[in-house]
Structure formats: structure tokens, C-alpha cells
1. Which one is modelled with the highest pLDDT, of the residues in region 228-255 that are of a type outside the set (Phe, Trp, Tyr) and not in a helix (DSSP H, G or I)?
2. Which of the strands (runs of 3 or more DSSP E) found entirely inside region 55-163 contain at least 3 residues meeting this: within 30 Å of Leu183 (Cβ to Cβ), among the charged types (D, E, K, R) and in contact (Cβ under 8 Å) with a residue 24 or more places away in the chain?
3. Just to be sure, is Leu283 assigned by TED's automatic domain parsing to the domain that holds Lys325, among the hydrophobic types (A, V, I, L, M, F, W, C) and surrounded by 20 or more Cβ atoms within 10 Å (Cβ to Cβ)?
4. Looking only at region 181-202, count how many residues are among the polar types (S, T, N, Q) and either assigned by TED's automatic domain parsing to the domain that holds Ser64 or outside any strand (DSSP E or B) (or both).
5. Those residues that are under 17 Å from Thr275 (Cβ atoms) and buried (at least 23 other Cβ atoms within 10 Å of the Cβ), I need them from region 213-236; list them, please.
6. Contact list please: Cβ distance under 6 Å, first residue in region 9-34 and in contact (Cβ under 8 Å) with a residue 60 or more places away in the chain and closer than 27 Å to Ala396 by Cα, second residue of a type in the set (D, E, K, R) and in a helix (DSSP H, G or I), pairs at least six apart or on different chains.
7. Could you please let me know if Lys33 is charged (D, E, K, R) and within 27 Å of Pro107 (Cα to Cα)?
8. Working carefully through the options Ser180, Ser212, find the one that is in contact with a Leu (Cβ under 7 Å, 6 or more places away or on another chain) and modelled with pLDDT under 95.
Amino acid sequence: MRLDRKEKAGIALILLVMLLAVVPMHLLVPPEKAANWNYLPYWNDYPKNARPIWLPSGFRTLESAGTNFSMTFTVDGIVPGNVMIEGNSTVRLVIHRPDGLSVVLGPVEVNGRTSINSNPTLAAGAYEFAESLGYGPESRPLFTPTQLLFMGYGGEVLEGRYTLEVESSSPVAVTVFGDSYGLLGTDSYGRDLWVGFVLAGRSTLLVSLEVSLLVMIIGLLLGLFAGYYRSRPAILLESLLNSLGALPVLPLAMLMIFSFSTTGIAMTREIGTGTLSLILALLLAGKFGSAVRGFVVQEKVREHVAAARALGAGDLYILRRHILKPVIPYALSHFSLLFPKVVALVAILGFFNMIPSDNWGSFILEGLNQGALYAGRWWWFLAPVVTMVLLSVGFALLWDDDGPEGVLA
């Protein structure tokens, strides 16, 4: 089957979004950052509320590594927020300022990671230098130790060219943080939002995929049985499918999740992924199962089915060879509409803090709780919203308008 441009574009969009779920995690984000996303002390050294690197910034984050090296940069209005050192070494920092003064910080023993703001020895050296410029203890709530190193007299930023010399006994990595960091910036705790977006997207897509597949399996089995047989259980099953299809999914899902979950840390709901997927699948399988039943009722009275039965074909043979043929294309087209809806449903439940783990709903909720919307950090919300839209558009492009019941080409 040849694909036209619309279908190729749809497949490309779907694959692009699904990379978040199928690509190994270490290829998308550093494993250490992913493991510590919810451990706030890990992020103390990172810049707070930084902008994405693709937006204009006053001072871009600089990185370098080695033994006994220097970094030269220009400060123009925006000062660095912190200087982070990673490695295992004895380190001394020397900052040469454009006014001719030099600041010596350390030496300190680095075992893993430290920074000027978090290391007592480095911070004390920065405060001592700041006092020589007239910045007393009363200025410490207004500036970080690192920011004081780039200030001039009178509370003004000392603009110009700086050189940071790093003296170390073994290789270390040094990062001079500016007001931009990462693909999506950072939050008020310093967490890399790209890491949170990937973790939330991976969880959302995998749960949604599990729910959608369960809907297909449950709907097919129940629909085939209710449509092919006319026994009392089949009639009861038909009524059950009709009832499930008429129920309001969102409020009932919230009620069932609340009933089957427990209250965890910080009043979050804790429920197993399997239980969550089964609840959502049962609530969503009604309409699909009823539609499958309708296909089966139409197909089982056709002449070729009656002929096969007259020749002694069993029920399983007839279902497999004659009934499933028109049902499978419809099931695929239904999946193309169902999966984006489940993604949105999972995000909505996460937004209301009804499901565990990180997801795009909880990711957006965290942004609102931190005041990102009012602070103009629109990229926080744009990333998950655009991704969900791209996924929906991708599946919509696969829809065949000329096919019966909207089946895929």
C-alpha cells in the first residue's frame, strides 16, 4: 500500500512524539537528573527560573572542563547566578575583574559537586570580597554569593570582560550559570524542565498506550461475543456495553480512582499502573464494544457466513475468517481516535492530582502552582500542549475520509 503525503506526514508526527516513549531514557536526559527529578536538594546549585537556551538571554550558561584551565566571558547587565564545580579534586578559583581586582576563592575539596553559592568556604570568600566593596550582611538576602562577585560600587553591575581561572589537582567540570539553561529552562527549584517534560511525557504515553490496547482487547472480545451469540449472557453483555457507552467517563474515572487508591505523601493519590489502566479501559470500552457488536450482527447473516456454517465450520473459524475481516480495519481507525483522547484524559486526571507519577497534567499543574503563567514563562505550558496537539494531528492525518466508517487507508 502506497502512502500519500498526508499519511506520511501523519506517521512522521506520531513517530516524533512516540520517541519520548520508545527511545532509551539515557539518550534523552542524563540518568542522574532523571533519577533526582523529585529530589529537590539535588537542584540547589542550578539556576532558578532560567529561560530556555533558544530564547534571547542576558548571559548564556558556559561550560568547560579540564585541569588548570581558564574561562573568559563578558558581563553586560546580567550577572552569572552561580558557578558549579563537578569532579573529585582540590580546587581553587581566581576571578579577574575588569576593574583590575582579583578574587581568590578556596582551595576546597570537591567530592562530586559543589558551587560558590552552596559551599561554605567559597561563599565566605565571596562575602568577604563583597564587604570590601561596601556590601555588608544586609545585602545578602538581595544577592547570591556569586552575584556579589560581579558587582561594582554603589549597587551597580560591573560590566566588562572577566576571566575565571580554575586550578585543580585533577580534571573537573565547571559551569557558569546565566539566565538561560536547557531546552525548556528551569523552575523555581532549579530543576531542568526538559527532564520533567520527558519523564511526564514518557509516563503519559506509556499509560495511554496500555489503556488503548486494553480497550481494543476488551472491546473486541465483548463485542464479538455479544454480537455473535444470542444467549442470555450475550444479551446481558449487550446491555452492559450500552450502559458503559452512556456513562460520563471523566467523573466516574475520578470516583473509581479515588476509591481504589490510597493517599500518599503530600496528599497525592497512589494507585498501581495496572489498576489505573484497567479502570480507564473498562470505562472506555463500551462504545467500541457496541460498535464491534454491530459489525458482527451485520456480518453473521451474510450468505458466505451461512455457507461456511452449513459446511460444518465452527464458531471460532467463522469469527476468525469471516467476522474479523471488517472489524479489524474499524478497530485500527478507532484506535487512531482513541489514543489521543486517552492521552488527554490521563493529562486531565494528572492535572487534578488523581493519578500517581509524573505526567503532562501534573507537569502543567506544577507550572501553575509556581506562578509560571503569571511570570510569563509560557514555554512551560507550550511544550506538553503542542506535543499533544501534534499527536492528535498525526493520527487525524491517517484518517481516510473516503473509507467506510472512517477506516484507515
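1. Ranking the candidates gives Pro248 first.
2. Working: elements: 62-66, 69-75, 82-96, 102-115.
Correct list: empty, since no element meets the threshold.
3. Numbers: assigned by TED's automatic domain parsing to the domain that holds Lys325: yes; among the hydrophobic types (A, V, I, L, M, F, W, C): yes; surrounded by 20 or more Cβ atoms within 10 Å (Cβ to Cβ): yes.
Answer is yes for this residue.
4. Here is the first cut: in region 181-202, the ones among the polar types (S, T, N, Q) are 186, 188.
Of the ones still in play, those that are also either assigned by TED's automatic domain parsing to the domain that holds Ser64 or outside any strand (DSSP E or B) (or both) are 188.
Of the residues in that region, 1 qualify.
5. First, the residues of region 213-236 that are under 17 Å from Thr275 (Cβ atoms): 213-215, 217-218.
Val215, the sole residue that qualifies.
6. Leu20/Arg202; Ala21/Arg202
7. Working: charged (D, E, K, R): yes; within 27 Å of Pro107 (Cα to Cα): no.
Here the answer is no, as Lys33 does not meet what is asked.
8. Details: Ser212 fails: modelled with pLDDT under 95.
Unique residue meeting the criteria: Ser180.
The values are calculated or read from the model by the stated rules, or taken from the named source; none is laboratory data. The model shown is predicted, which means the values in this text are computed figures rather than measured ones. In this analysis, Cβ positions are derived from the backbone assuming ideal geometry, glycine residues included, and neighbour counts consider all displayed protein chains.
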